[in-house]
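A single structure is presented below for examination.
The values are calculated or read from the model by the stated rules, or taken from the named source; none is laboratory data. Predicted model only: the values in this text are computed from it and were never measured. Positions of Cβ are backbone-derived with ideal geometry, glycine not excepted, and every protein chain shown enters the neighbour counts.
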Amino acid sequence: MKSGTTVAAFGRAIVGVAVYAVFLFIPAGTIEWPLGWVLIAILAYAALGEVVLLAINNRPLLEERARSLTDPSYAAWDRRLTVAAGGLFVSVLVVSGLDHRFGWTPPLPTWLTIAGVAAALAGNSLFLWSMASNRTFFRGVRIDRDSHEVARSGPYRVVRHPGYLGAIAAQLGHRWPPALSPRSCRRCWRRPSWSGGPLSRTAS
């Protein structure tokens, strides 16, 4: 894979984080919001961390994950599910910004804020570790019968689906997702069972 692909991946990651910032800070009506910037920093860590990790350890997977979700090789039900989850996450950013602007909810205790940030960082770190340990950590459900195999290294030695566990932990680190987007957590819980059929047949 050419270095241009890595540069393009960095560009997509930066633009994606910038778009998240727009959806967060415009509803907030201000950029003077330290915890808002903490959230953006966490999202940047996840997005840029993925590019750095894969550029070093698994360049073919970096190229694979650049595929659009409209690619027909991905399962249609998974494309719909991922788009819905993305829309829910954007709504979380918008509602969080509006909450900061209009004070709908009282400030959280400092200890709970720190715990939330820690959960978000730990969840994203587990997600990235899972990606580094699974060379077919595709963006969507797509079976490559020539290269697909069961991951057994890293966190997969302990947890069957560590990527989903990390995603749930990262969401629980935010203030609104548990109340606003339970479907997002259900997606992480149910998607492994939905995709388990084709993956099990491939592994066998």
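Going by what's in this entry, would Phe127 be described as of a type in the set (A, V, I, L, M, F, W, C), at negative phi, at pLDDT below 90 and under 16 Å from the mean Cα position of the chain (by Cα)?
no
Something else: Mind telling me which of the residues Arg191, Arg201, Arg139, Arg175 ends up being modelled with pLDDT under 85, more than 22 Å from Pro60 (Cβ to Cβ) and not in a helix (DSSP H, G or I)?
After ruling out the rest, the residue left standing is Arg175.
Residue under question is Arg79, and the condition is that it be over 30 Å from Trp104 (Cβ atoms), at pLDDT below 80, surrounded by 17 or more Cβ atoms within 10 Å (Cβ to Cβ) and not hydroxyl-bearing (Ser, Thr, Tyr); does it hold?
yes
Mind telling me which of the residues Val90, Val38, Val52, Val83 ends up being closer than 21 Å to Pro162 by Cβ, of a type in the set (Val, Ile, Thr) and within 17 Å of the chain's Cα centre (by Cα)?
Just one listed residue meets the conditions, Val52.
Could I ask something else about it? When you go through Tyr45, Tyr74 one by one, which is the residue that is closer than 26 Å to Gly173 by Cα, surrounded by 14 or more Cβ atoms within 10 Å (Cβ to Cβ) and either aromatic (Phe, Trp, Tyr) or free of Cβ contacts under 8 Å to residues at least 60 places away in the same chain (or both)?
Tyr45
Right, next: Residues being of a type in the set (Gly, Ala, Ser) and farther than 19 Å from Val90 by Cα: count how many of those fall in the range 31-63.
Qualifying residue count for the region: 2.
Run Val51 past the list (1) touching a Leu at 6+ places or on another chain (Cβ under 8 Å); (2) more than 26 Å from Leu172 (Cβ to Cβ); (3) not hydroxyl-bearing (Ser, Thr, Tyr) and report the number of the one that doesn't hold.
Looking at each condition in turn, Val51 falls short on (2).
A further question follows. Does Ile31 satisfy the criteria of being surrounded by fewer than 17 Cβ atoms within 10 Å (Cβ to Cβ), modelled with pLDDT of 95 or more, farther than 24 Å from Leu126 by Cβ and among the β-branched types (Val, Ile, Thr)?
So Ile31 fits the description; yes.
Name the residues in the range 103-133 that are out of contact with any helix residue (DSSP H, G or I) (no Cβ under 7 Å at 6 or more places or on another chain) and in a loop (DSSP other than H, G, I, E, B), would you?
Selection gives Gly103, Trp104, Pro106, Pro107, Leu108, Pro109.
Here is a further query. When the range 1-57 is examined, which residues are found to be aliphatic (A, V, I, L, M) and part of a loop (DSSP other than H, G, I, E, B)?
If the condition is that a residue be aliphatic (A, V, I, L, M) and part of a loop (DSSP other than H, G, I, E, B), then Met1, Ile31 are the ones that fit.
So which pairs qualify, if the first residue must be in the range 156-169 and under 15 Å from Arg135 (Cα atoms), the second must be modelled with pLDDT under 85 and not aliphatic (A, V, I, L, M), the Cβ gap must be under 6 Å, and the two must be at least 6 apart or on different chains?
His161/Pro192
If I filter the range 83-118 down to residues being among the β-branched types (Val, Ile, Thr) and touching a residue at least 60 places away in the same chain (Cβ under 8 Å), which single residue comes out as surrounded by the fewest Cβ atoms within 10 Å (Cβ to Cβ)?
Thr105
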